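Everything on this sheet refers to the single structure shown next.
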Amino acid sequence: RALLEQAGTSTSNALLVPQSRANEPSLADLKNAIDTKQISVAYQPKIFCRTGTLSGFEVLARWQWHGHWVSPETFIAMAEEHGLIDDLTRLIVEQSLAWFASVSQYVPVAGLTTMRSTTLSLNISAKSLNNQALLNWIVEQCDEWKIERNRLILELTETSATSEFVTALDTLTRLRIKGFHLAIDDFGTGYSSMVQLVQLPFSEIKIDKSFVMANRNSAVSSAVVRSIIDLGRSLNMLSTAEGVEDATTLDFLKELGCDLAQGYHIAKPMPAEAVIPWFERREST
Ligand code: C2E
Ligand code: CA
Ligand code: CA
Ligand code: CA
């Protein structure tokens, strides 16, 4: 009887919830989440393939809405479309630089590796590239937290670098001159021509996870991975493979001379408080 009553209650409750509430968050929900700082961040480690040493962390936005995690693909696209991306970026930069400044002070209990030489990778939307105020603000934040600018890597997707090439070239060059490193994200999924790539001041090329994840079952994918690593090497850029989910793939990348690896096999994106325990565990094994 109690169960029936419960079931009845939850059904009637569900009917009271407005349609948009029940499925997907609305634009107002996102705006509210940004205004009340409910968007958090997760950090995913990146290691050197050859040595297994920690190289740095990528910052990934996280939003828990009514008990479930909304995919960043969804809410980032929403934010970009409705002019909220710059506010969202500020929120993410604020949180992650504060964390990075504090974690950089951390001296491990055992082992020689410190956090002082690690890097922090931030995803920057193409839409923000022409927002000089936002970019200047990131520079200021970095200086305020006394983080060396060359420890920050700004990740831009391939398409963002090519859509308005001339403006992008100008902005990216200025960011590079200021000392930031630039990474080209999701490489292989867009349509950048090699000519443009050579002219843009990128120092890292990230191979899209779709190729990396498929390498074991697809000759085409492994050929793509191989050729992007070669391309990176000949352009004097570091190559990073994302989506490394198993040891076999990591070995394969090592053999090909890929510089860096990121993926579930190494670590999943994690909340700030889980990073040091993860690092300690890794150092002690
Ligand atoms: P991305 O920049 O390519 O980030 C890598 C994505 O791959 C992340 O998804 C990460 O959780 C996932 N990933 C990492 N390792 C593995 C693996 O081994 N296997 C699989 N299957 N997936 C793996 P996430 O966190 O869902 O983010 C999706 C995208 O949303 C990001 O792709 C990025 O384009 C965008 N994004 C996330 N945070 C931000 C942000 O703060 N600002 C902007 N502008 N975009 C962001
Ligand atoms: Ca990225
Ligand atoms: Ca990527
Ligand atoms: Ca992506």
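The values are calculated or read from the model by the stated rules, or taken from the named source; none is laboratory data. Predicted model only: the values in this text are computed from it and were never measured. Cβ: placed from backbone, ideal geometry, glycine included. Neighbour counts: every protein chain shown.
Some observations on this one:
- Among the numbered conditions (1) within 16 Å of ligand 3 (Cβ to nearest atom); (2) modelled with pLDDT of 95 or more; (3) more than 27 Å from I276 (Cβ to Cβ); (4) not polar (S, T, N, Q), the only one that A126 does not meet is (2).
- Qualifying residue in the range 45-62 (condition: assigned to a helix (DSSP H, G or I), touching a helix residue (DSSP H, G or I) at 6+ places or on another chain (Cβ under 8 Å) and closer than 28 Å to L238 by Cβ): no
- Condition met for L260 (within 12 Å of ligand 1 (Cβ to nearest atom) and in contact (Cβ under 8 Å) with a residue 60 or more places away in the chain): no
- Selection over the range 79-123 of residues that are more than 16 Å from ligand 3 (Cβ to nearest atom) and touching a Gly at 6+ places or on another chain (Cβ under 6 Å) gives a count of 1.
- The residues of the range 53-86 include none that are within 12 Å of ligand 1 (Cβ to nearest atom), surrounded by fewer than 19 Cβ atoms within 10 Å (Cβ to Cβ) and more than 17 Å from the chain's Cα centre (by Cα).
- Taken as a whole, the condition of being in a strand (DSSP E or B) and modelled with pLDDT of 90 or more does not apply to A79.
- Positions within the range 203-233 being of a type in the set (G, A, S) and under 22 Å from I153 (Cβ atoms), in sequence order: S203, S210, G232
- One residue alone among N217, N150 is away from ligand 3 (no atom under 16 Å from the Cβ), at pLDDT 90 or above, under 22 Å from the mean Cα position of the chain (by Cα) and surrounded by fewer than 19 Cβ atoms within 10 Å (Cβ to Cβ), and that residue is N150.
- Filter result for the condition that a residue is within 16 Å of ligand 4 (Cβ to nearest atom) and aromatic (F, W, Y), over F279, F187: F187
- Test: P271 is touching a strand residue (DSSP E or B) at 6+ places or on another chain (Cβ under 9 Å), at pLDDT 95 or above, surrounded by fewer than 20 Cβ atoms within 10 Å (Cβ to Cβ) and not aliphatic (A, V, I, L, M): yes
- Qualifying residue in the range 230-248 (condition: surrounded by 20 or more Cβ atoms within 10 Å (Cβ to Cβ), of a type in the set (V, I, T) and away from ligand 3 (no atom under 15 Å from the Cβ)): no
- Qualifying residue in the range 99-116 (condition: closer than 30 Å to E283 by Cα, within 16 Å of ligand 4 (Cβ to nearest atom) and of a type outside the set (S, T, Y)): no
- Set S96, S71, S125, S121: member being within 16 Å of ligand 2 (Cβ to nearest atom) and without any contact (Cβ under 8 Å) to a residue 24 or more places away in the chain: S71
- Pair list, Cβ under 8 Å, 6 or more apart: the range 44-58 residue within 14 Å of ligand 2 (Cβ to nearest atom), other residue hydroxyl-bearing (S, T, Y) and not in a strand (DSSP E or B): G56/T118; F57/T118
- Filter pass, V59 being of a type outside the set (F, W, Y) and closer than 25 Å to K146 by Cβ: yes
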